[in-house]
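Here is the structure we will look at, set down as structure tokens.
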Amino acid sequence: MFVVRIRKKSIFIGLFSALICTFFAFLLKNSFYAGAQGDKNGFIKYAKFTPTYEVLEKAMFEDIKSHSEDRPISWIDILAVLAVKYGGDFKKYKINDMNEVVERLKEGECAEKIANGGKNFNYYKEVYGAVLCEFLGKYQVRKRAKDGDKNDEWQEVYGLKAFSPIAKTFPFAHYDDFGASRSYGYSRPHLGHDMMAAVGTPVIAVESGTVEIMGWNQYGGWRVGIRSFDKKRYYYYAHLRQNRPFHVDLKEGATVKAGDVIGYVGRTGYSTKENVNNIDKSHLHWGLELIFDESQKECDNEIWIDLYAITKLLEKNKSAVIRNNDTKEFYSEFEIKDSN
């Protein structure tokens, strides 16, 4: 009896220990994702976007190339696998690592398997997908018709379909200023990206979406907020030109297409009084907020990402513009639409 009792007790202790180990292994595997979520409501509450320009450019090239070879792979999968490998630190990036991931994906391996079911794979894929899901894809493009001219036929293309926020041929300068200190009103980090450009430079819609706000804000001056159609991205364009900040066609609730002119660079803001130039240097402040749940849209824990690498990438796709000499408004020379 004594031996039997010991065995039963041992079995019970063993099973209990196994359950405890399994539970903590599950927590460890999902800690970053759960911690990012918060996690009662099951959505991500904290996110960083850290792939460098070098990584983004190479991953984009491999995605586009794979579609031309009819062996399509996703740059989001590539980035998520590498993020697991590097623990989100892309300073560790090696081109051979990406080449290996690309070849295995082309051979039909599942991205999660390549990541060895790695901790946080789903987290990285969801975050990077939220940022980049509408940047690459199949779309149609044609040149806008001038009065009396016939439109060219639509041409279908696969590639980068998001645009630089500054129009083609207009110069700008920038550096990685995300998180830099700002003191007007109160001390806070800079949660966007500044592109130094001349007053009147046309500002371009990076992605298609709906105009949610336009008007005056004491911090951003004249500004525009555009929400992506899938509701995951909120684009913020600020410090627009005094007196004529917005494109004449822009209206709250209106739809804009990627590549459209939405306004003009200025230096308004830092004033409770409307239409004041209190910014020292003319520039465009643009920001990208990720929204995994509508409660995040305006809260104390909004998720804004560093756009330096993305801004460099989008220089590869600038919107050519033409000027109407009568109205002095700029318009995109081309129009695009997503392929069905």
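The values are calculated or read from the model by the stated rules, or taken from the named source; none is laboratory data. If you're wondering where the values come from, they're calculated on a predicted model, not measured in any experiment. Note that we place each Cβ from the backbone using ideal geometry, even for glycine, and neighbour counts take in every protein chain shown. The protein model used for the area step is the full one, side chains on, heavy atoms only, and it has no ligands, DNA or RNA in it. Shrake-Rupley method; radii C 1.70, N 1.55, O 1.52, S 1.80 Å.
Rounded if a/c is under 1.5, else prolate if a/b is larger than b/c, else oblate: which is the stretch 51-119, with a ≥ b ≥ c the root eigenvalues of its Cα gyration tensor? Oblate shape, in that a/c is at least 1.5 and b/c is the bigger or equal ratio. The tail of the calculated P(r) for the chain, taken as Cα-Cα distances beyond 28 Å, holds 50 percent of the pairs. Taking amide H as placed 1.01 Å from N in the peptide plane, the amide H of residue 303 sits under 5 Å from that of 290, each at least 5 places away or on another chain. You can think of it this way: the chain between residue 176 and residue 301 has 42.8 nm of extra reach, that is 0.36 nm per residue less the Cα-Cα gap. If you run the Gaussian network model on the chain, springs between alpha carbon atoms under 10 Å, then out of 168, 143, 318 the most flexible one is 143. If you roll a 1.4 angstrom probe over the protein chains with everything in place, what fraction of the accessible area of the stretch 205-328 belongs to carbon and sulfur, to the nearest %? Result for the stretch 205-328: 41 percent of the exposed heavy-atom area is carbon or sulfur. With the chain treated as a Gaussian network of Cα nodes joined by springs under 10 Å, which of 184, 175, 235 yields the largest mean-square fluctuation? Highest fluctuation of the listed residues: 184.
Which of the residue pairs 273/316; 297/337; 94/337 have a Cα-Cα distance greater than 30 Å in the structure shown? Correct reply: 273/316; 94/337. Cβ-Cβ distance of residue 116 and residue 251, R₀ of 45 Å, FRET efficiency by 1/(1 + (r/R0)^6): the value works out to about 0.35. Between residue 229 and residue 293, what is the FRET efficiency for a Förster distance of 25 Å, r being their Cβ-Cβ separation, to the nearest 0.05? My answer for the efficiency is 0.90.
Under the criterion of Cα pairs below 8 Å and six or more residues apart, the relative contact order for the chain equals 17 percent.
Counted residue by residue at 0.36 nm each, then reduced by the alpha carbon distance between them, the extension gain from residue 198 to residue 338 reaches 47.2 nm.
Each of 229, 61, 309 was scored by the projection of its Cα onto the charge dipole of the chain, and the greatest displacement toward the positive side belongs to 309; charges sit on the C-beta of Lys, Arg, Asp and Glu.
Computed over the stretch 81-222, relative contact order equals 16 percent, with contacts defined as Cα pairs under 8 Å that lie 6+ residues apart. Summed over the residues of the chain and divided among them, the accessible surface reaches 53 Å² per residue at a probe radius of 1.4 Å. Go through 85/106; 251/328; 106/143 and tell me which ones have a Cα-Cα distance over 28 Å in this structure. Cα-Cα > 28 Å for 106/143; rest within.
Using a Gaussian network model of the chain in which every pair of alpha carbons under 10 angstrom is joined by a spring, one finds that among 269, 185, 225 the greatest mean-square fluctuation is at 185. Dividing the helix sum by the residues of the chain, where each DSSP H run of 4 or more adds -39500 (n - 2.57), gives a mean residue ellipticity at 222 nm of -9000 deg cm²/dmol.
Across the protein chains, with a 1.4 Å probe defining accessible surface, the residues 335, 54 rank 54, 335 from largest area downward. Counting charges near residue 171 (Lys, Arg +1; Asp, Glu -1) among other residues having Cβ under 13 Å from its Cβ returns a value of +1.
For the stretch 239-277, the residues whose backbone nitrogen is under 13 Å from a point 7 Å from the Cα of residue 213, taken along Cα to Cβ, are 239.
Give me the net charge for the shell around residue 190: Cβ to Cβ below 12 angstrom, other residues only, Lys and Arg +1, Asp and Glu -1. Here the count lands on -2.
Taking the Cα centre of the chain as reference, the dipole from Cβ charges on Lys and Arg (+1) and Asp and Glu (-1) amounts to some 1080 debye.
Using a cut-off of 12 Å between beta-carbons, work out the net charge of the residues near residue 240 (Lys and Arg +1, Asp and Glu -1, residue 240 not included). Value of the local net charge: +4. Summarising the label geometry, the points placed 7 Å from Cα in the beta-carbon direction at residue 100 and residue 156 lie 3.7 nm from one another. Classify the stretch 58-162: rounded, prolate or oblate, from the alpha-carbon gyration tensor (a ≥ b ≥ c, eigenvalue square roots; a/c under 1.5 rounded; otherwise prolate if a/b is larger than b/c)? Verdict is prolate for the stretch 58-162. Compared with the dominant Cα axis of the chain, that is its longest principal axis, helix 95-106 is turned about 80°.
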